[in-house]
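These notes concern the structure reproduced below.
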Amino acid sequence: MSENVSKKSARLIIGINLAAAGLIIALAISQSLRRTHAFDELMFAIGEQNEVDPRLISALIWKESRYDPLATGKAGERGLMQIMEPAAMEWVTAETIKNFNPDCLYDPKTNILAGTWYLAKALRDWSKKEDPLPYALAQYNAGRSNALRWERASETNQLAFIESITYPGTKQYVGDILKRYDGRH
């Protein structure tokens, strides 16, 4: 009889362990599909404030720094959204920020504020386009003058614009963010 109870107990324990393992796997999969990050609240609040989709901010941060707030680029870009000092100074001037030091760009909130402001500005610059996003991303990455040059060299649609981008890194950048953001390209 005790042998029978032991087999029953063993089956019960195995069943409970299998159910727990399945639950853990399901939670891990759902968590990875959701792509949660420590900066979600900031991206949502700042995105709403600037009328920029937080998913776009997230895709840009992923491409720029892989969510590393201490990331530093080869040309001096800083933080999550890899802000250059001249772009930061545009934001500082426009928003009348006091006591700004470029090292503040390593602070996630400051970085997302400056980067999202700059991205929103780029989106407004191209708002007359049917789809301003590829143009704005190119501007964010390579500057307004380059984006204008590529736009002049292309037809009016965004696919021709992307093809006209002469910097391979910028072309890849735009494509990667579009793909991560909404599966385009």
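Results for (1) free of Cβ contacts under 8 Å to residues at least 12 places away in the same chain; (2) assigned to a loop (DSSP other than H, G, I, E, B); (3) in contact with a helix residue (DSSP H, G or I) (Cβ under 9 Å, 6 or more places away or on another chain), shown as yes or no for each residue.
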{"site": "I61", "(1), (2), (3)": "no, no, yes"}
{"site": "P69", "(1), (2), (3)": "no, yes, yes"}
{"site": "A75", "(1), (2), (3)": "yes, yes, no"}
{"site": "M81", "(1), (2), (3)": "no, yes, yes"}
{"site": "M89", "(1), (2), (3)": "yes, no, yes"}
{"site": "T96", "(1), (2), (3)": "yes, yes, no"}
{"site": "F100", "(1), (2), (3)": "no, yes, yes"}
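Limited to segment 142-185, what total is found for residues that are of a type in the set (D, E), farther than 16 Å from Q82 by Cβ and part of a helix (DSSP H, G or I)?
3
Being over 16 Å from V174 (Cα atoms) and in contact with a Phe, Trp or Tyr (Cβ under 7 Å, 6 or more places away or on another chain) is the requirement here; does R78 meet it?
Spelling it out, R78 is indeed over 16 Å from V174 (Cα atoms) and in contact with a Phe, Trp or Tyr (Cβ under 7 Å, 6 or more places away or on another chain).
Of everything in segment 56-80 that's surrounded by fewer than 20 Cβ atoms within 10 Å (Cβ to Cβ) and in contact with a strand residue (DSSP E or B) (Cβ under 7 Å, 6 or more places away or on another chain), which residue is farthest from Q139 (Cα to Cα)?
T72
Quick test for you: out of E163, E130, pick the one residue that is over 28 Å from A45 (Cα atoms) and either in the same structural domain as R55 (by TED's automatic domain parsing) or buried (at least 16 other Cβ atoms within 10 Å of the Cβ) (or both).
E163
As an exercise: evaluate N146 against (1) more than 20 Å from the chain's Cα centre (by Cα); (2) over 27 Å from H37 (Cα atoms); (3) without any contact (Cβ under 8 Å) to a residue 12 or more places away in the chain and give the number of the one condition it does not meet.
(3)
For segment 166-182, enumerate the residues that are of a type in the set (S, T, Y) and surrounded by fewer than 20 Cβ atoms within 10 Å (Cβ to Cβ).
T166, Y167
Among what's in segment 81-116 and is closer than 19 Å to A38 by Cβ and among the hydroxyl-bearing types (S, T, Y), pick the residue that is surrounded by the fewest Cβ atoms within 10 Å (Cβ to Cβ).
Y106
The values are calculated or read from the model by the stated rules, or taken from the named source; none is laboratory data. This structure is a prediction, so every number in the text was calculated from the model and none was measured. When we count neighbours, we look across all protein chains shown, and the Cβ atoms used for this are built from the backbone with ideal geometry, even at glycine.
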